[in-house]
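What follows is a set of notes on a single structure, which appears directly below.
The values are calculated or read from the model by the stated rules, or taken from the named source; none is laboratory data. Quick caveat: nothing in here was measured; it's all calculated off a predicted structure. Note: ideal-geometry Cβ built from the backbone for every residue, glycine included; neighbour counts use all protein chains shown. Accessible surface is based on the protein model in full, side chains and every heavy atom, while ligands, DNA and RNA are left aside. Shrake-Rupley method; radii C 1.70, N 1.55, O 1.52, S 1.80 Å.
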Amino acid sequence: MTARQTGQQAPADQTAEQPEGGSVLPVRERDRTYFPRAWGITPYDYVQSMMDAVAAFGVLHAAVKRGIFELLSNEELTADELAAACKVKPSYLWRVMNWLHANSFVALRSDRYRLTDLGRGLTAAAERSQRDAVLVTGSPYWLRAIGDLEQTMLRGRPLPVDGLPLYSHLADDDELSYHFNRFMVSRSSAIGGKIATLDDYAHVRTVCDVGGGMGGILAKILHAHPHVTGVLLERAEVAEDAHAYLSEQNLADRVKIIVGDMFDGIPAADRYVVSSVAHNLGDVDWLTLLTQLSAAMAATDHADLLIAEGMLPSAPGRPSRWYDIDARMMAMFPDGRVRSENEHRRLLDHAGLTVTRSLMLPDDQTLIVAQHAPALIGS
């Protein structure tokens, strides 16, 4: 019997609705204000903080772009010295430094600024530096794409900025491509470190990273497992940077870089890694790629597939940063979207792949491990 039939009131946040698929999930009461009140701020101030964040990121991007963090990485400088080095108006530089000081990116001793630990995270030499991520996110292509979201909703698809899809634009913009590739390495390093700790590499001789950028994940795996060799499948415009990066890692002789489109064929391997690729693709393209991976895996006994992605919560209404990333994908890629784990599982099943386990990764990402379904028989 329902709470209404027994005369009892349903507990807060537990009113049920029937979603597609038949299961009953808890939903939030529609007349309550949740997170702003829980945080001790009003709805007005909550929205204001979101608008203020636009200007805050603008200041941070300007500081990174003008090289302020790099200039302070090895010495303490006055505002006038920084203004001269950055070639900007001193009065404007002083106001930017006030913002950086108030937000703990720099400290001030006498009249000289120095970096805090937070500020050092925006230098090129920092471990898992966010410098390249800030430069990419503040680039005109990214900003114009998200600024056009309202029109994208009307059209039902994003229009390429300046007539070029993202990866074509990156091929034509060497500076942005440089920062984008290093942004991907920084983002993937912690994920690669976790994947490298999986305890089942005994049967693995070759790992293929499909769309793996410069090879950040492969580098972590190969450093941890000397018996493993790598295959990196990437676009031509990324291959040169990938070779340089893998050479820096002393791994160039252990990785074969295959230049090509992932939809044109999948090379043979014992283990496949696909990280931060699915959210660029619509369901049709993602299923097509999974089907090709499934066919390649069928030719190798015990081959498996590791998918590393941010995923939406399974319960509606639960806060998650991946809703923000989903909006970014909607603005930049036709049919691109962030999915829930259940959505990934359904598409894997259609491709003839069965999930054997899933686990959490750093940065609130999820790892799904899958095998070709017939390979599980008798295993």
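For the structure I just gave you, tell me whether A85 is surrounded by 17 or more Cβ atoms within 10 Å (Cβ to Cβ) and hydrophobic (A, V, I, L, M, F, W, C). Can you show your working first?
Values: surrounded by 17 or more Cβ atoms within 10 Å (Cβ to Cβ): no; hydrophobic (A, V, I, L, M, F, W, C): yes.
Criteria not met by A85.
Being under 23 Å from G147 (Cα atoms), open to solvent by less than 70 Å² (accessible area, probe 1.4 Å) and either acidic (D, E) or not in a strand (DSSP E or B) (or both), is that true of even one residue in the range 290-303?
no
Out of A331, A315, report the one residue that is assigned to a helix (DSSP H, G or I) and among the hydrophobic types (A, V, I, L, M, F, W, C). Walk me through it before giving the result.
On the way: A315 fails: assigned to a helix (DSSP H, G or I).
Testing whether each residue is assigned to a helix (DSSP H, G or I) and among the hydrophobic types (A, V, I, L, M, F, W, C) leaves just A331.
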Worksheet item: Given the conditions (1) at pLDDT 90 or above; (2) small (G, A, S); (3) in a helix (DSSP H, G or I), and given that G213 satisfies all but one, which numbered condition is not satisfied?
Response: (3)
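For (1) farther than 19 Å from R182 by Cα; (2) touching a residue at least 60 places away in the same chain (Cβ under 8 Å), each residue gets a yes or a no:
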position	(1), (2)
D241	no, yes
S247	no, no
D270	yes, yes
V277	no, yes
Worksheet item: What number of residues in the range 56-114 are among the β-branched types (V, I, T) and more than 23 Å from D132 (Cα to Cα)?
Response: 1
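Scan the range 104-119 for residues that are in a helix (DSSP H, G or I) and open to solvent by less than 20 Å² (accessible area, probe 1.4 Å) and report the count.
The number of residues fulfilling the criteria is 1.
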Worksheet item: If we scan the range 180-189, do we find a residue that is out of contact with any Leu (no Cβ under 8 Å at 6 or more places or on another chain) and over 17 Å from V277 (Cα atoms)?
Response: no
Practice prompt. For residues that are open to solvent by 10 Å² or more (accessible area, probe 1.4 Å) and under 25 Å from G260 (Cβ atoms), tally how many sit in the range 190-212.
Written response: 4
Worksheet item: Out of (1) more than 24 Å from T78 (Cα to Cα); (2) open to solvent by less than 20 Å² (accessible area, probe 1.4 Å), the odd one out for D148 is which?
Response: (2)
Worksheet, complete the sentence: Out of (1) hydrophobic (A, V, I, L, M, F, W, C); (2) open to solvent by less than 30 Å² (accessible area, probe 1.4 Å); (3) within 20 Å of H179 (Cβ to Cβ), the one A236 does not meet is (2)
Response to the item:
H61 meets each of (1) under 24 Å from the mean Cα position of the chain (by Cα); (2) surrounded by 13 or more Cβ atoms within 10 Å (Cβ to Cβ); (3) more than 16 Å from T123 (Cβ to Cβ) with one exception, condition (3)
Worksheet item: Just one of the numbered conditions (1) crowded, with 17+ Cβ neighbours inside 10 Å; (2) in a helix (DSSP H, G or I) is not true of P158; which one?
Response: (2)
Discussion item. Any residue in the range 358-376 that is on the phi > 0 side of the Ramachandran plot and open to solvent by 40 Å² or more (accessible area, probe 1.4 Å) sitting within a Cβ distance under 9 Å of a residue that is modelled with pLDDT under 90 and part of a helix (DSSP H, G or I)? List the pairs, counting only those 6 or more apart or interchain.
Written reply: D363/R187; D363/A190
Worksheet entry | Residue within the range 312-330 that is within 20 Å of V210 (Cα to Cα), in contact (Cβ under 8 Å) with a residue 12 or more places away in the chain and open to solvent by less than 10 Å² (accessible area, probe 1.4 Å) present | no
